[in-house]
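See below for the structure under consideration.
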Amino acid sequence: MAVLNKIRQRSVFLIVIIALALFSFVLADLFKTGGFSGQKDQNTIATINGEDVSREEFARRVEGFQRNRRNATSTQAVNQVWEMTKQEALLKEQIEKTGILVGDDQFNNMLKQVYAGNPNFTNEAGIFDQAVLEEYVANLKATSPQAYDQWQSMEDQIELQAKNQLYYNMIRAGVGATLVEG
């Protein structure tokens, strides 16, 4: 009873303490997000493993997804791109942890797989030719810097695809068990 009586006597003091604590939480959040404007919050839609996903990049990827798959609704496109973004971020972290690198031979094999059916990169016999591809890239670099930047972006995607394939192959090799082991 004596404790409740003391709390009643100092109720104004207790209310001031609670108000200051709440105010400090609000101020801490404002300083963490970058002030009253919230500029960081407006440009960042998510943070995955410490990496921010920008609104512009995400919107560009959704638009590209919808262009490639014309029958997808905008909700399906957003959901699919979000899942791909999460998967890429998590895979990137695991690939960095394992130290997977793609060598020139592996990269050239992936290029061969990706562009094997493209008639622009085949020789007279209809077989993929690395020299024709290199000539095409050199021509792009000389004539169109913007197209060359797109080509470099495509090469980065192919390298990422090769790393993902190596990572999945490592997992597949580690998961299998023989009858003797069973």
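Observations on the model:
- Label zone at M170 (point 7 Å along Cα-to-Cβ), backbone N below 18 Å, the stretch 93-116: 93-107
- Inter-label distance, nm, simple model (7 Å from Cα along the C-beta direction), Y148/R8: 8.4 nm
- Sorted largest first, extent of the stretch 43-98 alpha carbons per principal axis (Å): 38, 25, 14
- Rounded to the nearest 20, the size of the Cβ-charge dipole of the stretch 116-159 about its Cα centre is 140 debye, with Lys and Arg at +1 and Asp and Glu at -1.
- Cα extents of the stretch 63-182 along the three principal axes, largest first (Å): 57, 41, 27
- Projected label distance in nm at N79 and L20, using a 7 Å step from Cα toward the beta-carbon: 5.0 nm
- Unit charges at the beta carbon, dipole of the chain: most positive-side option, F31, N68, L101: F31
- Under a model in which nothing but the beta-carbon of Lys, Arg (+1) and Asp, Glu (-1) is charged, the chain shows a dipole of about 1460 debye around its Cα centre.
- Here the stretch 43-98 is treated with +1 on each Lys and Arg Cβ and -1 on each Asp and Glu Cβ, and its dipole about the Cα centre works out to around 320 debye.
- Those GluC sites (Glu not before Pro) in the stretch 89-171 that DSSP places in a loop and that have at most 11 other beta carbons within 10 Å: E124
- Placing dummy labels 7 Å off each Cα toward the beta-carbon, the span from M1 to E56 is 7.0 nm.
- Footprinting exposure proxy ranking of Y168, Y136, Y115, fewest other C-beta atoms within 10 angstrom first, gives Y168, Y136, Y115.
- Taking amide hydrogens as placed 1.01 Å from N in the peptide plane, the amide H of I48 sits under 5 Å from those of V53, each at least 5 positions away in sequence or on another chain.
- Nearby lysines by direct alpha-carbon distance to K141 (threshold 23 angstrom, same-chain neighbours under 8 apart not counted): K112
- Tensor-based shape of the stretch 1-129 (alpha-carbon gyration tensor, a/c under 1.5 rounded, otherwise prolate or oblate): prolate
- Long hydrophobic helices in the chain: the complete DSSP H runs spanning 30 Å or more by Cα along their own axis with mean Kyte-Doolittle hydropathy of at least 1.0 are 11-33.
Bear in mind these aren't lab numbers, they're just calculated from the coordinates by the rules spelled out. What you see is a predicted model; the values in this text were computed from it and never measured. Every residue, glycine as well, gets a Cβ built from its backbone with ideal geometry; the counts of neighbours run over all protein chains shown.
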